[in-house]
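Data first, discussion second: the structure below is written as structure tokens.
The values are calculated or read from the model by the stated rules, or taken from the named source; none is laboratory data. This is a predicted model, so every value here is computed, not measured. No Cβ is skipped: glycine too gets one built from the backbone with ideal geometry, and neighbour counts run over all protein chains shown.
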Amino acid sequence: MLYGQIVDAYVEVQETTKRLEMTARLAQLFSETPTDQLRMVVYLTQGRVHPPFLGGELGLAEKLVVKAIALGTGHSVDEVQELMYDTGDLGTACESFLERKVQMALFTEELTVEKVHGNFVKVVEATGSSSQDLKMKLVADLLHSASPVEGRYIVRTILGRLRLGVGDMTIIDALGSAYEVEREPLERAYNLHPDLGEIAVAIAEQGADGLDGFSITAGIPVHCMLAERLPSIGDILERTGGTAALEYKYDGLRVQAHILLDGSVELFSRQLERITDQYPDVVAALKEAEPAAGTIVEGECVPIVPETGEMLPFQVVSRRRGRKHGLEKAMTDIPVSIVLFDCLLAGGEDVTLKPYPERRKVLEGVLKTVDGVQFAEYLITSDPDEGERFFSESIERGSEGIVAKSVAEDSIYRAGSRGFLWIKYKRDYRMELTDTLDLVPVGAYRGRGKRSGVYGALLMASYDRQGDSFETVCKLGTGFDDDTLAEMVGMLDGIKLEGKHPRVSSRLDADIWLEPKLVMEVAGAEITHSPVHTCALDRLKEGAGLAVRFPRFLGNWRDDKSPEDATSTDEVVSMYERQVKTS
Ligand code: AMP
């Protein structure tokens, strides 16, 4: 099949804004395509060379494409660049150079779909030191034989900017119309097995029956189920029929973990990209959890400080995305845990049609919790007050809010759909406190893992003038360098106590209690209500105190301050009040 046939369709699709006309034109293209070329035509129309989970994204750097156009059309790099600035689009620039070439009748053979797809595949697969040069030559090779309009689309595709204005749903409709298959079964197959090339071939060969073979499979990512949002726990419970499973909404990266039949683990992102190589620690932890082969579980990858259970903000994980070098260092600096909340396939059995509470049970049975693998905190409740308390606790522990899940009979896993079976309720502001706090360590926790032998975290308190006591306000485990950690062992030795100091008010236990003596400068993201800390307990909300969220030590020991000069509970209250006013 000639590449020109696809390009004719692209041009017509781009000439209309009417979705029906676009669909009809694409349907015509698909029905004209021989079955053995259909995969390639579908992927190219998606602007890619493979289904997303096989990787190999197109998206060459502009600089390289400029060189390829220069080489492929016989112009200088400067000329190409100049025209690019004039037209604002390299595709159009390439087209006009090729038009000049046509006038000189320098055209050679016609491009086939196979040739274009083949060169694109070589481009995405090229690695190593000379790969840039090779990629450029592969593109130039296509441009040598391309007609002007083909050149426009080759360039746009290779830049990863095809932008026909058709999404996967339009392609699905076009395939349905070309091969007379209803949209619903097509969409279901696509959500469970997001490879439109393979689906196209199946229906071209067997019509709707071809879709029967598409089931959920370990190794092929499933489109994620998504959540709606509501503004209060009351609204949520009303919507879910009075009862819901509330879960922490972890602020990390959604990950679908697949355990293949041979026991190997693959990780996929919400966009269905394979991200296994970026999280070798998560892969190793999952293997240790001894999951059944043929299993798909879903969760959120979150950086969690092992000593405190404190969750760090998402940016810490995102720095690791795409990082290839220094991965080992990144792993010790930022240990990432996967917090699991759903199970789609368990030991080869598709469990997506079971109600949520059953899936949760299946999840807990299909693997163990180990360091780095845990299950999402959750609470089934019908009581809005209990729900609010759970929400505050989730915020204090560093999550973004909660995801409430229906526990009704119909609470199945709906791949690829956003609906009210899952409802998110988020904290809607996030900021950095402008003031730092001077807090007093009143307890300490022994370190684990790379912090064994030193302290992992400190229990910090504010000073309450009325009660002349120290009230806990956070666990502090971040902001310490190795020297400080080592030094602290000796420093705290001198103030260790047998039990809690009488002036310390705490609902939490510590491994070691300390005399309130030292003052440390701490920064934080915000002040939140807390069900566990005693700072300002019951003053703003019954049963709740205040906590500093995402506390981090700034390295300053405030030797100039006595513990009674530390930030007072009243000050923490006014920081909270100021923050509520400005949010
Ligand atoms: P949003 O990205 O704001 O639409 O919220 C939905 C996202 O929250 C999901 O895609 C997950 O990445 C994330 N999430 C965190 N914790 C949970 C949980 N317990 N259940 C479901 N999704 C969660």
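Take the conditions (1) touching a residue at least 24 places away in the same chain (Cβ under 8 Å); (2) farther than 20 Å from Val116 by Cα; Met84 misses just one of them, which is (1). Among the residues of region 175-220, those identified as under 23 Å from Glu266 (Cβ atoms), outside any helix (DSSP H, G or I) and of a type in the set (A, V, I, L, M) are Ile216, Ala218, Ile220. For region 336-357, does any single residue satisfy the condition of being modelled with pLDDT under 90 and either polar (S, T, N, Q) or not assigned by TED's automatic domain parsing to the domain that holds Phe553 (or both)? Within region 336-357, one or more residues are modelled with pLDDT under 90 and either polar (S, T, N, Q) or not assigned by TED's automatic domain parsing to the domain that holds Phe553 (or both).
Right, Thr484: surrounded by fewer than 23 Cβ atoms within 10 Å (Cβ to Cβ), farther than 24 Å from Arg397 by Cα, in contact (Cβ under 8 Å) with a residue 12 or more places away in the chain and polar (S, T, N, Q) or not? Answer is yes for this residue.
Annotation for region 503-510: no member residue is over 28 Å from Ser392 (Cα atoms) and surrounded by 18 or more Cβ atoms within 10 Å (Cβ to Cβ). Remark: Asp212 matches the filter, which requires a residue to be free of Cβ contacts under 8 Å to residues at least 12 places away in the same chain and either within 16 Å of the ligand (Cβ to nearest atom) or among the charged types (D, E, K, R) (or both).
Listed conditions (1) crowded, with 16+ Cβ neighbours inside 10 Å; (2) not assigned by TED's automatic domain parsing to the domain that holds Arg270 are all met by Glu400, apart from (2). If you go through region 529-581 and pick out every residue that is surrounded by fewer than 19 Cβ atoms within 10 Å (Cβ to Cβ), assigned to a strand (DSSP E or B) and of a type in the set (A, V, I, L, M, F, W, C), you end up with 2.
Yes/no matrix, rows are residues, columns are (1) under 31 Å from the mean Cα position of the chain (by Cα); (2) within 17 Å of Glu307 (Cα to Cα):
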| site | (1), (2) |
| --- | --- |
| Leu458 | yes, yes |
| Glu471 | no, no |
| Leu476 | yes, yes |
| Gly479 | yes, yes |
| Thr484 | no, yes |
| Val504 | no, no |
| Leu540 | no, no |
| Gly545 | no, no |
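With the condition kept exactly as written, say whether any residue in region 48-67 is in contact with a Cys (Cβ under 9 Å, 6 or more places away or on another chain) and either buried (at least 22 other Cβ atoms within 10 Å of the Cβ) or closer than 30 Å to Pro221 by Cα (or both). Checking region 48-67: at least one residue is in contact with a Cys (Cβ under 9 Å, 6 or more places away or on another chain) and either buried (at least 22 other Cβ atoms within 10 Å of the Cβ) or closer than 30 Å to Pro221 by Cα (or both). Entry remark, region 250-264: residues being within 16 Å of the ligand (Cβ to nearest atom) and of a type outside the set (A, V, I, L, M, F, W, C) number 5 in total. Does region 228-243 contain at least one residue that is among the aliphatic types (A, V, I, L, M), in the same structural domain as Lys287 (by TED's automatic domain parsing), away from the ligand (no atom under 16 Å from the Cβ) and more than 24 Å from the chain's Cα centre (by Cα)? There is at least one residue in region 228-243 that is among the aliphatic types (A, V, I, L, M), in the same structural domain as Lys287 (by TED's automatic domain parsing), away from the ligand (no atom under 16 Å from the Cβ) and more than 24 Å from the chain's Cα centre (by Cα). Could you tell me which of the residues Glu247, Glu273 is within 16 Å of the ligand (Cβ to nearest atom), out of contact with any helix residue (DSSP H, G or I) (no Cβ under 8 Å at 6 or more places or on another chain), of a type in the set (D, E, K, R) and in contact (Cβ under 8 Å) with a residue 60 or more places away in the chain? Of the residues listed, the single one that is within 16 Å of the ligand (Cβ to nearest atom), out of contact with any helix residue (DSSP H, G or I) (no Cβ under 8 Å at 6 or more places or on another chain), of a type in the set (D, E, K, R) and in contact (Cβ under 8 Å) with a residue 60 or more places away in the chain is Glu247.
If you take the residues of region 221-272 that are assigned to a helix (DSSP H, G or I) and out of contact with any Pro (no Cβ under 7 Å at 6 or more places or on another chain), which of them is surrounded by the most Cβ atoms within 10 Å (Cβ to Cβ)? Here the residue is Ile236. Screening Leu267 on (1) near the ligand (Cβ under 8 Å from one of its atoms); (2) among the aliphatic types (A, V, I, L, M); (3) free of Cβ contacts under 8 Å to residues at least 24 places away in the same chain shows it passes everything except condition (1).
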